[in-house]
Every structure is written in structure tokens, then in C-alpha cells.
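The values are calculated or read from the model by the stated rules, or taken from the named source; none is laboratory data. No experiment lies behind these values; they were computed from the predicted model shown. Here the Cβ positions follow ideal geometry from the backbone for every residue, glycine too, while neighbour counts run over all protein chains shown.
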Amino acid sequence: NAGVMQNPRHLVRRRGQEARLRCSPMKGHSHVYWYRQLPEEGLKFMVYLQKENIIDESGMPKERFSAEFPKEGPSILRIQQVVRGDSAAYFCASSPDSNQPQHFGDGTRLSIL
Amino acid sequence: GQSLEQPSEVTAVEGAIVQINCTYQTSGFYGLSWYQQHDGGAPTFLSYNALDGLEETGRFSSFLSRSDSYGYLLLQELQMKDSASYFCAVRPSGGANNLFFGTGTRLTVIP
């Protein structure tokens with residue numbers, strides 16, 4: 001009865017490195033969403049994916065950020081050439097379809113040195 | 001665009017009832033959701049109002065009035081473990097499937 005699984009829970013990177021965040025949705029869920037949360041703020045939508053397709057990436061920064069949800073394996077949020085401002089908690093959510101509530105993982109706390 | 005405003009902080013006594021308000025400006029949405037988030041934890045789904053009126057789930061109830069652009073979360077018989085942040089969220093209409101979250105309310109329950 002596993003929920004949404006994210007790893008790693010904590011990730012430390014130096015400026016200029018790459019960060020890869022992974023998300024395995026709940027069993028039976030084919031819709032995946034990524035959100036970013038800064039301290040003391042609400043979650044901000046980044047991207048919505050279904051298997052092998054990006055449906056909505058209107059919340060993704062234009063550069064350095066990319067996401068994928070391959071046919072096999074977890075969804076990946078990739079941040080290239082990280083900067084201090086990328087430090088945040090990144091949450092993944094999944095749902096069985098777009099009309100059902102989204103269930104969130106425990107997040108990945110990204111810290112940039 | 002969308003904007004969801006919530007009080008930033010609320011303090012209430014254990015055993016009491018507390019109401020957390022959410023006022024919104026949005027061009028259209030499918031429904032209003034509520035999430036609870038403990039420090040360092042994941043947002044947890046609490047309640048959803050697709051239509052106007054009251055939805056009750058145990059100690060938690062949620063209300064929506066589209067004509068007043070207003071909703072609230074009601075927590076009864078408060079427990080210390082209810083101390084957390086609470087977020088209202090909408091799924092904007094027009095084809096988007098993401099959630100747009102409010103500013104969040106930090107609830108502190110005191111003995």
C-alpha cells in the first residue's frame with residue numbers, strides 16, 4: 001500500500017552541479033505533478049505529466065529545468081547548473097485521473113551550497 | 001489569474017473549534033480542496049468541495065460559497081496533533097489539471 005515515493009529525501013548540491021529528483025507514483029496512478037515550495041510559502045505548480053508525455057509545463061522555468069515520465073521507471077525532475085535560488089522543497093503528487101484528488105510524496109529538500 | 005488568500009496564523013485551544021478561511025479571486029475552477037501539512041512533511045488531502053455547501057469528514061468540515069468567492073475549513077475537537085499548516089487549493093478551469101495553492105495558515109493548538 002505504498003504511497004507516492006520520492007527520493008532522495010534530502011539532496012545537497014554545489015552551485016553549477018546537476019540535481020535529479022525521482023518520483024514513483026502510487027500504484028494505478030498515471031498522472032504525475034511536480035510542485036516547488038519555498039519556506040513559509042504555498043506550493044507552486046511546475047509540471048504535469050502522464051506516461052511519456054508532458055501535458056502542462058506552464059510552471060517550469062524556461063531554462064535549466066526539465067521533467068520526464070518514461071514508460072518504465074519513475075518520473076524525474078532534472079535541474080541543471082543549480083543556483084542558490086533553486087533551494088526549496090520539491091513535491092511530487094499523483095492521481096489516477098485528472099478529476100481525483102492528488103496525493104503527495106514526502107518531498108525532496110534540495111539545498112544548494 | 002488566481003489568488004487565494006488565507007490568514008497567516010491562527011491559535012486555538014485544545015478541544016475547541018477553529019475556522020480557517022479562504023477567499024479567492026479566480027477566473028474559474030472545478031472545486032476547492034484543503035490540505036494539511038506538518039513541518040517537514042507532505043501535504044495531506046483533507047477535503048474537497050465541488051459544489052456549494054458543507055462537506056463533513058469526521059472532525060473536519062469544509063464549506064464553499066461560489067457566489068461569495070469564499071470557503072472555509074472547520075476543525076472540531078481540536079487536538080495537539082492538529083498543529084500544522086493548512087492550505088486551500090483550486091484546480092483552475094480551462095483544461096489545467098494542476099492545483100493552485102493558497103498562502104497557507106499556520107494553526108497552533110495550545111493546551
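Quick notes on this one:
- Scanning the stretch A:55-68 for residues that are away from chain B (no Cβ under 14 Å) and part of a loop (DSSP other than H, G, I, E, B) yields A:61, A:62, A:63, A:64.
- Among the residues of the stretch A:32-54, those that are under 10 Å from residue A:75 (Cα atoms) and either within 14 Å of another protein chain (Cβ to nearest Cβ) or surrounded by fewer than 13 Cβ atoms within 10 Å (Cβ to Cβ) (or both) comprise A:32, A:33, A:34, A:49, A:50, A:52.
- Test: residue in the stretch A:81-101 that is touching a Leu at 6+ places or on another chain (Cβ under 9 Å), away from chain B (no Cβ under 11 Å), of a type in the set (Gly, Ala, Ser) and not in a strand (DSSP E or B): yes
This table checks each residue for (1) farther than 18 Å from residue B:48 by Cα; (2) among the acidic types (Asp, Glu); (3) in contact with a strand residue (DSSP E or B) (Cβ under 6 Å, 6 or more places away or on another chain).
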position	(1), (2), (3)
B:67	no, no, no
B:73	no, no, yes
B:78	yes, no, yes
B:82	yes, yes, yes
B:89	no, no, yes
B:94	yes, no, no
B:111	yes, no, no
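- The requirement of being in contact with a Pro (Cβ under 6 Å, 6 or more places away or on another chain) and of a type outside the set (D, E, K, R) is satisfied by residue A:104.
- Residue in the stretch A:2-25 that is surrounded by fewer than 13 Cβ atoms within 10 Å (Cβ to Cβ), among the charged types (D, E, K, R) and closer than 20 Å to residue B:41 by Cα present: yes
- Selection of strands (runs of 3 or more DSSP E) fully inside the stretch B:3-111 by the criterion of at least 1 residues being within 14 Å of another protein chain (Cβ to nearest Cβ) and surrounded by 20 or more Cβ atoms within 10 Å (Cβ to Cβ) returns B:3-5, B:18-25, B:29-37, B:44-49, B:60-65, B:84-92, B:105-110.
- Condition met for residue B:56 (at pLDDT 95 or above, among the charged types (D, E, K, R) and out of contact with any helix residue (DSSP H, G or I) (no Cβ under 8 Å at 6 or more places or on another chain)): no
- Pair list, Cβ < 6 Å and 6+ apart or interchain, from the stretch B:83-109 residues that are over 17 Å from residue A:34 (Cα atoms) to residues that are charged (D, E, K, R) and surrounded by fewer than 24 Cβ atoms within 10 Å (Cβ to Cβ): B:85/B:106; B:106/B:9; B:109/B:14; B:109/B:82
- In the stretch A:7-31, the residues that are within 14 Å of chain B (Cβ to nearest Cβ) and in a loop (DSSP other than H, G, I, E, B): A:9, A:25, A:26, A:29, A:30
- Against the numbered list (1) modelled with pLDDT under 90; (2) under 25 Å from residue A:5 (Cα atoms), residue B:104 comes up short only at (1).
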